[in-house]
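Have a look at the structure below before the remarks.
FYI, it's all coordinate maths here, none of it is from the lab. In this text the structure is predicted, and so the values were computed from the model without any measurement. For neighbour counting, all protein chains shown are included, and Cβ atoms are generated from backbone atoms with ideal geometry for every residue, glycine included.
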Amino acid sequence: MKTIYLLLLLPFLVLSQNNFASNSNKLSWQNVYETSLSSADFFNSVKTKKNFIDCNYDGDILYGTTPFIDIIKDHSGMVIFARYDIQLTYKIEFKVDKYRVTITDLVWDSTDFNDTTNFEELLLKKRDGTIRGANKYQKYLKALDLELTKIFTYKTPDGW
């Protein structure tokens, strides 16, 4: 009997294995990283990177918006909008030996339609604001989660 319950829960466990969360019809991404840098050294390094040129520094918080960037290179088997460049609004909060990245307001540059499209419009169910469960959406979120994790992982003083 326990095996049957476990098998019934497995799809939900697999679908929720990324850093995206839905709250009040808003979708966000959040991850915590470790670092040995001071907040000033960390933020000075971040501000020199091409994806973080439009940023503001306020105490232990860095926030801003990226330019439109091509995050996912292989779009096969994903939703059609995976091929469009994406713009992110981010906030990086620094504490001793770690920093937390929160991304909100993800927007696709759907130039084919002469428009930009908000993340929530395509990935959340209109009825209840939860993340769509179809495989193509989950595959996209998983790939996007991996790429965002790479983008915001600090590796060396002269590279991300």
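In order along segment 100-106, the Karplus-derived 3J(HN,Hα) couplings, from 6.51 cos²θ - 1.76 cosθ + 1.60 at θ = phi - 60°, round to 10, 9, 10, 10, 9, 6, 7 Hz, and Gly and Pro are given as x. Couplings 3J(HN,Hα) of segment 28-36, computed from phi: 9, 10, 8, 8, 10, 10, 9, 8, 9 Hz, in residue order, whole Hz [Karplus 6.51 cos²θ - 1.76 cosθ + 1.60, θ = phi - 60°; x for Gly and Pro]. Over 28 Å apart at the Cα level, from the set LYS49/LYS73; LYS49/LYS125; LYS50/LYS125; LYS95/LYS136; LYS50/LYS136; LYS50/LYS73, are LYS49/LYS125; LYS50/LYS125; LYS95/LYS136; LYS50/LYS136. Of the three principal axes defined by the Cα atoms of segment 18-151, the extents in descending order read 42, 28, 24 Å. Taking a sphere under 13 Å around the Cβ of TYR63 and counting the other residues whose Cβ falls inside, with K and R at +1 and D and E at -1, yields a net charge of -2.
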